[in-house]
Amino acid sequence: MAKVILEQMLSEQKPRPRINVTAAGLGPISKTAASYAARYAIRQMYGRDLLKRHRPMLLSAEMAEQADLILVMDHKLMGTPGKTLPPDKSYV
């Protein structure tokens, strides 16, 4: 949801900033698509199902290395076992 919301905010900017936004999870992926609740909320916000093609993926070490900025939703996620986030570019 955060990715869709940010992309919608960026699309309203003229000219649109050249920012690549990627969403990735830190823990095991249990679903192959966005949840019904997430899709419903986005439809309510934007009038379209902007998550219908979303496929969850895990954050890889390569993705973390290439990222300029990593945002997590909770302080606990900063210390996820097996996922060391670069402290100089990771924020809650």
Subset of region 45-60, residues open to solvent by 90 Å² or more (accessible area, probe 1.4 Å) and either touching a residue at least 12 places away in the same chain (Cβ under 8 Å) or under 11 Å from the mean Cα position of the chain (by Cα) (or both), comes to MET45, LYS52, ARG55
Filter region 72-92 for residues that are over 12 Å from GLY25 (Cα atoms), open to solvent by 80 Å² or more (accessible area, probe 1.4 Å) and either modelled with pLDDT of 80 or more or polar (S, T, N, Q) (or both) and give the result.
HIS75, LYS76, THR84, PRO87, ASP88, TYR91, VAL92
Can you name the number of the only condition in (1) free of Cβ contacts under 8 Å to residues at least 40 places away in the same chain; (2) of a type outside the set (Gly, Ala, Ser); (3) within 20 Å of SER90 (Cα to Cα); (4) surrounded by 14 or more Cβ atoms within 10 Å (Cβ to Cβ) that LEU69 fails?
(4)
Kindly establish whether MET63 is open to solvent by less than 70 Å² (accessible area, probe 1.4 Å), assigned to a helix (DSSP H, G or I) and either out of contact with any helix residue (DSSP H, G or I) (no Cβ under 7 Å at 6 or more places or on another chain) or among the aliphatic types (A, V, I, L, M) (or both).
yes
Tally the residues that are assigned to a helix (DSSP H, G or I) and in contact (Cβ under 8 Å) with a residue 24 or more places away in the chain, restricting the search to region 8-26.
1
Search region 27-41 for residues being open to solvent by 50 Å² or more (accessible area, probe 1.4 Å) and assigned to a loop (DSSP other than H, G, I, E, B), and hand back the single one that is nearest to LYS83 (Cα to Cα).
PRO28
Yes or no: ARG39 out of contact with any Ser or Thr (no Cβ under 6 Å at 6 or more places or on another chain), closer than 13 Å to GLY25 by Cα and at pLDDT 90 or above?
no
For the structure I just gave you, tell me whether ILE19 is loosely packed, with under 15 Cβ neighbours inside 10 Å, modelled with pLDDT under 85 and among the hydrophobic types (A, V, I, L, M, F, W, C).
no
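The values are calculated or read from the model by the stated rules, or taken from the named source; none is laboratory data. All values reported here derive from a predicted model rather than from experimental measurement. For neighbour counting, all protein chains shown are included, and Cβ atoms are generated from backbone atoms with ideal geometry for every residue, glycine included. Quick note on the areas: whole protein, heavy atoms, side chains included, nothing else; ligands and nucleic acids left out. Shrake-Rupley method; radii C 1.70, N 1.55, O 1.52, S 1.80 Å.
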